[in-house]
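Taking it in order: structure first as structure tokens, then the write-up.
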Amino acid sequence: PETPSSSGSDTSRPPLKPAEERLMVAVRVRPLKNDEPHRVLYAADRKSVILEDSDKSDAIRQKKGVERHYTFDVVFNETSFQEEVYDVTTRSLVKDVLNGYNGTVFAYGATGAGKTHTMVGDRHHPGIMIRALNDIFEAVKDKEDEYSVTMSYLELYNENIRDLLNPASGYLELREDSRGRSIQVSGLTEISTTSTDEVMQLLQKGNKARTVEPTAMNQTSSRSHALLSVTVRHTVPVNKRDHLRMRIKQGRLFMIDLAGSERANKTKNRGKRLQEGAHINRSLLALGNCINALAGGARYVNYRDSKLTRLLKDALSGNCKTVMIAHVSPSANQKDESRNTLIYADRANNISTKVERNVFDVSYQVTQYQTVVNELRAEISRL
Ligand code: ADP
Ligand code: MG
């Protein structure tokens, strides 16, 4: 399992067995808008949706009853509130992260299907990112000496990584640690705060900095992926008498608002924008390939095809509890996108990960600081 860098310390891990966890797949159907044509998609019950899968006229459709059922872990219909979506998908992940597990929630779906509404929302309808941070801050309140909370927020656009908390810093590179096990974004801002107001402002500023390009499909289409990462580290003495031996639990929560999953040709992109579409498809295509491979039980899964899959490797295969929220519009003119999203989500249903708690003990002894100092020296000389 991934542990925080503990090199040079006396590390002993309690024997925890990894537990197999299936990826949770939720589907959220957004309300039909006034200017949209008729509805072709319904939430049938708490676990399934029906897609009228026919281009035939209403009369024929009724006669033949051409429709398809898709079943998931949970389905949210248009009357579901933000709070309910958070409670069912993310609240328990937050508890796990406070206990030293890793968790990931990602929003998938075509542009306009409701991903940003679910993940970010607005002031009156706060989304998952805000609610999760609130719960984390509430849990660590008045225990700042035991807990540290840090967060970062990045954008992946055109296979380029930008720091949404410091957009002026340009493109950032991915770097793997020497053992090739954990992946880092070098130079990414890590802020440490437990103020909800401050975080709201930072996220809003970050969202404004996201690359937004108008496309034929949606005026405010976002062609970028936004990844919010929150790390919670809990440090307490192993026992009350000995304050030199500390037990550290570290959990990380990834909350991801993916770019639109629609095909580039549907948005009638031309020139520069077509290339952007191609790049976005590269990341989402790679994600789809990984999901297919994992769902089919493949022995080899290629995460190296895109930056998104390199960043999500742990979330999909490794030590992480993962939730996918697939978003669909009920509208007839979004039927192809909705069908593709449902098929994608259906495949993801078969993935499981092995989760393990990130707990380790550290002895603070002078001789061991020497090793840490040497490592830091080596790090500095590499910069
Ligand atoms: P995406 O991020 O997938 O492109 P958005 O979240 O921006 O889509 O949603 C598109 C529009 O639909 C926005 O105006 C948003 O407020 C609205 N919307 C999306 N989902 C819901 C919902 N569940 N309830 C009410 N409005 C929604
Ligand atoms: Mg969006």
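Tabulated values for the structure
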{"read-out": "Label point distance in nm, Val238-Asp346, each placed 7 Å from Cα along Cα→Cβ", "value": "5.2"}
{"read-out": "Gained length - Asn333 relative to Glu84, 0.36 nm times residue gap less alpha-carbon distance", "value": "86.9 nm"}
{"read-out": "Extended-chain gain in nm, criterion 0.36 nm per residue less alpha-carbon gap, Glu159 and Asp53", "value": "34.7 nm"}
{"read-out": "Candidates per trypsin sites (Lys or Arg not before Pro) in segment 151-196, loop by DSSP, up to 15 other Cβ within 10 Å", "value": "Arg179, Arg181"}
{"read-out": "Trypsin sites (Lys or Arg not before Pro) restricted to DSSP loop in segment 66-123 with at most 15 other C-beta within 10 Å", "value": "Arg123"}
{"read-out": "Candidates per trypsin sites (Lys or Arg not before Pro) in segment 290-338, loop by DSSP, up to 14 other Cβ within 10 Å", "value": "Arg299, Arg304"}
{"read-out": "Hits among aspartates and glutamates - C-alpha to C-alpha of Lys95 under 15 Å, sequence gap 8 or more where chains match", "value": "Asp87, Asp135, Glu138, Glu356"}
{"read-out": "Links that overshoot a 29 Å alpha carbon limit, given the list Lys47/Lys115; Lys47/Lys249; Lys240/Lys313", "value": "Lys47/Lys249; Lys240/Lys313"}
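Any read-out appearing in this document is the output of simple, stated calculations on the displayed coordinates, not a laboratory observation. Predicted model, so just to flag it, every value in this text is computed and none were measured. Positions of Cβ are generated from backbone atoms using ideal geometry, with glycine treated the same way; all protein chains shown enter the neighbour counts.
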